[in-house]
Structures are given as C-alpha cells and as structure tokens.
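Visitor: Let me begin by handing over the structure; questions about it come next.
Please treat every number below as a calculation from the coordinates, not as lab data. Being a predicted model, the structure only gives us computed values, none of them experimental. Every residue, glycine as well, gets a Cβ built from its backbone with ideal geometry; the counts of neighbours run over all protein chains shown.
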Amino acid sequence: MLLLGARDLKALIDAAEAAYPEEACALLVGRRGPGDRIFVDRIVQSRNVAEDRRRRFEVDPGLRIGLERELRGGPLAVVGVWHSHPDGPARLSATDLASAYEPELAWLLTMVAGGQALHSAAYLLNDRGDGFRPLDLFILQGN
Ligand SMILES: [Zn+2]
C-alpha cells in the first residue's frame, strides 16, 4: 500500500495538468512501514529530461543524485517515482517496464485526458520483474 497525502496528490495532479501534453515526473520521498506499507513524506518534482516528452519521461539525474546525497544517513529515502500519461495509456507502458530497474520503487501514475487529470494508480514491479502489479493507493486527508 502506498500512502500519500491529499495535498501531495493535488500537487502532482496540478503538475500533470500543467505539463500536458507532455509527461510530468517526480520522485516520492518517504519511508517503509510494517507489511507492504510505503509512506510518502514529500514529493520532489523534476524536469522531464527525456527527448520525446510527450511519450516518455526521465527524471533529471542531477536532481536524483542531489536528493540521494541529502537523504543519506537519514530516516527517509526515495521510495517511488511518479509520472503522468497525457492521453493514455491508462496503464504503465512497455517503455516504463524497460526503465524499471529498481524493484523496490513504487510507481505512481496519473492519467491525463484532454489536459485534465482523471485517475491516479500505484504499481510495483512483480517478483519476476517482467510486469507490474497494482499497489493499493491510500490518500491521507489533511496531509
Ligand atoms: Zn509511462
């Protein structure tokens, strides 16, 4: 289960709509709890540095490195990645799977249609690493 504050989800939705028709992306910073729980404490929005930004995303590697450096030794870590799909597909793509090389990261996706964010869903790489499985998304009100 991925636990995300309503305010952070709103910020991601706003970013997805602002980036339309291009994909937007961000890193999710948080901590792991009991069981399958992943708590998101904050989101760190990134430029999309992919060449074909309407169909792909790539988090700014400099941002990721700086963030890892900042978090090192502390209780928080990069626990997930978020991006948007302008006008679908409504699932993670083969391109997404090809770039999913960190099995511990949660994948949060926001679908945008016609410039309006419709739906967000979370996934984890499956045990075989050849596909994604749904991860429950729980929105924390008041956060
Ligand atoms: Zn994608």
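Visitor: Give PRO89, PRO75, PRO103 a once-over and let me know the one that is assigned to a loop (DSSP other than H, G, I, E, B), more than 13 Å from the chain's Cα centre (by Cα) and within 15 Å of the ligand (Cβ to nearest atom). Before the answer, list the steps.
Guide: Values: PRO75 fails: within 15 Å of the ligand (Cβ to nearest atom); PRO103 fails: within 15 Å of the ligand (Cβ to nearest atom).
Being assigned to a loop (DSSP other than H, G, I, E, B), more than 13 Å from the chain's Cα centre (by Cα) and within 15 Å of the ligand (Cβ to nearest atom) holds for just one of PRO89, PRO75, PRO103, which is PRO89.
Visitor: Return the only residue of ARG42, ARG128 being more than 16 Å from the ligand (Cβ to nearest atom), not hydrophobic (A, V, I, L, M, F, W, C) and not in a loop (DSSP other than H, G, I, E, B).
Guide: Working: ARG128 fails: not in a loop (DSSP other than H, G, I, E, B).
Of the residues listed, the single one that is more than 16 Å from the ligand (Cβ to nearest atom), not hydrophobic (A, V, I, L, M, F, W, C) and not in a loop (DSSP other than H, G, I, E, B) is ARG42.
Visitor: Can you confirm whether VAL49 is surrounded by 11 or more Cβ atoms within 10 Å (Cβ to Cβ) and within 15 Å of the ligand (Cβ to nearest atom)?
Guide: Numbers: surrounded by 11 or more Cβ atoms within 10 Å (Cβ to Cβ): yes; within 15 Å of the ligand (Cβ to nearest atom): yes.
When the stated conditions are applied, VAL49 passes them.
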